[in-house]
Amino acid sequence: MSTVILGIESSCDDTSAAVMRDGLLLSNVIAAQSVHEAYGGVVPELASRAHQQNIVPVVSEAIRRAGIERSELSAIAFTRGPGLLGSLLVGVSFAKGLAASLRIPMIEVNHLHAHVLAHFIRTEENTDAPRPRFPFLCLLVSGGNSQIIRVDSPFDMEIIGRTIDDAAGEAFDKCAKVMGLGYPGGPVVNRLAAEGNPAAFSFARPNVAAYDYSFSGLKTSFLYTIRDRLAVEPDFVERRKADLCASLQACIVEVLMRKLRKAAHDLRIAEVALAGGVSANSALRDALLDHAAELGWTVHIPPLRFTTDNAAMVAVTGHYKYQRRDFCGMDVQPYARVQPPG
Ligand code: KG4
């Protein structure tokens, strides 16, 4: 008998549901929330409310597109954390209700674990695509995380480096906000950077231990550069926007790559994967490919729809956990921080 998993993701500002049969993705529906654009960042209360509005239609659509009946579902996998509590609560509560009504098990999924396993999502189109071989390093860069993860198997992974303050995506977004570029700023910075000089400005590079990251100093340095130049040139940002974006992007990419290179060298791992929303950045992708050519790395960059928040990655993690009968009880609660409680 086949195993059909419904995946649900609601950790931040995307409501997503996906259906997977025996590890093959049948559908993946994502409803993004535009309500945050006016505020220059995700507003947790608004995110939670939008999830409440979206969850029923998104799950129904995922089941419809998969061409299955609800009664065919074997289990429901849902993101338990980390993320925004109010947002997670909507997905967790919905999963509980549906699982109880269908009398099927629930599978809790760690959001970061799911980002890493996104590399193993099988679709009709990518069945023969190469997957990362173990052990590999995964650079997970998003709006909330910047981590280097050593992955030894689908269930054996260790975060060996993490940001001690802001995430890389947050650095893009906050600096973009200072330039009045709207939210999320990362894609706009990426676009404008194509017209600018990456060596035009220099911003502070962090100096933190081992494989950890820090982006708050860079952000402050960017802010001070703009403040000081605006005092003498009121049209500074408007005139130099492309150069500012190119320099900022070059700086963030250099910081990300320096620690990744160090980890790959120290651990003697040449299999490298990218995950999270910032993997859409063209300069980061190019840097990774340049390193592959120079250092003999094999790199894995999944399609964009599987690097940003999505339920397909939750479903594939659920698929692996289902095979181990790794289910959770109805008393499961969401958690906001990186590690689950207890
Ligand atoms: O993984 P993700 O979709 O969800 C969150 O963690 O929220 O990542 C979103 C982040 C945002 O900070 C956004 O600005 C950034 O990814 N991002 C980019 C690009 N596309 C998205 N950053 C730089 N360049 C891009 N092309």
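Tabulated values for the structure
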item	result
Residue order, fewest to most beta carbons within 10 Å, for 74, 11	74, 11
Beta bridge orientation in region 136-302: antiparallel %, DSSP, nearest 5	60
Neighbourhood net charge (14 Å Cβ-Cβ; Lys/Arg +1, Asp/Glu -1) for residue 309	-2
Gaussian network model of the chain, Cα within-10 Å springs - most flexible of 251, 138, 12	251
For region 136-302, Kirkwood radius (reciprocal of mean inverse C-alpha pair distance, Å)	16.2
Relative contact order of region 136-302, pairs being alpha-carbon contacts under 8 Å that are 6 or more residues apart, as %	27
Crossing angle, helix 312-323 versus the chain [Cα axis fit, 0-90 degrees, rounded to tens]	40
Å³ per residue enclosed by the Cα convex hull of the chain	137
Of 106, 16, 134, farthest towards positive along the dipole that unit charges on Lys, Arg, Asp, Glu beta carbons give the chain	106
Residue order, fewest to most beta carbons within 10 Å, for 265, 319, 119	265, 119, 319
On Cα atoms only, tilt of 85-102 relative to the major axis of the chain in degrees	20
Nearest 10 degrees, 0 to 90: helix 44-66 Cα axis against the chain principal axis	50
Cβ charges +1 (Lys, Arg) and -1 (Asp, Glu), total dipole of region 136-302, debye	260
The chain: relative contact order in percent, alpha carbon pairs under 8 Å with at least 6 residues between	24
Candidate aspartates and glutamates for bridging to residue 262, where Cα separation is under 15 Å - those fewer than 8 sequence places away on the same chain excluded	212, 254, 271, 294
Distant-in-sequence amide H partners of residue 162 (H built 1.01 Å from N, under 5 Å)	148, 212, 213
Residues 102, 73 arranged by fewest to most Cβ contacts within 10 Å	102, 73
Out-of-range pairs (alpha-carbon distance over 18 Å; input 174/241; 219/241; 177/259; 177/219)	177/259
Of all DSSP beta bridges in the chain, antiparallel share, percent nearest 5	60
Dipole in debye (nearest 20) - the chain, about Cα centre, beta carbon charges: Lys, Arg +1; Asp, Glu -1	340
Chymotrypsin sites (Phe, Trp or Tyr not before Pro) restricted to DSSP loop in region 131-177 with at most 14 other C-beta within 10 Å	155
Most mobile listed residue (314, 43, 141) in the chain, GNM with C-alpha springs under 10 Å	43
Percentage relative contact order, region 74-198, counting C-alpha pairs under 8 Å, at least six apart	14
Options 155, 245, 230, ranked by Cα towards positive dipole end of region 152-276, top entry (Cβ charges)	230
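No lab work stands behind these numbers, since they all come straight from the coordinates. Note that the structure is a prediction, hence the values are computed from the model and not measured. Heads up, the Cβs are rebuilt from the backbone with ideal geometry, glycines too, and the neighbour counts pull from every protein chain shown.
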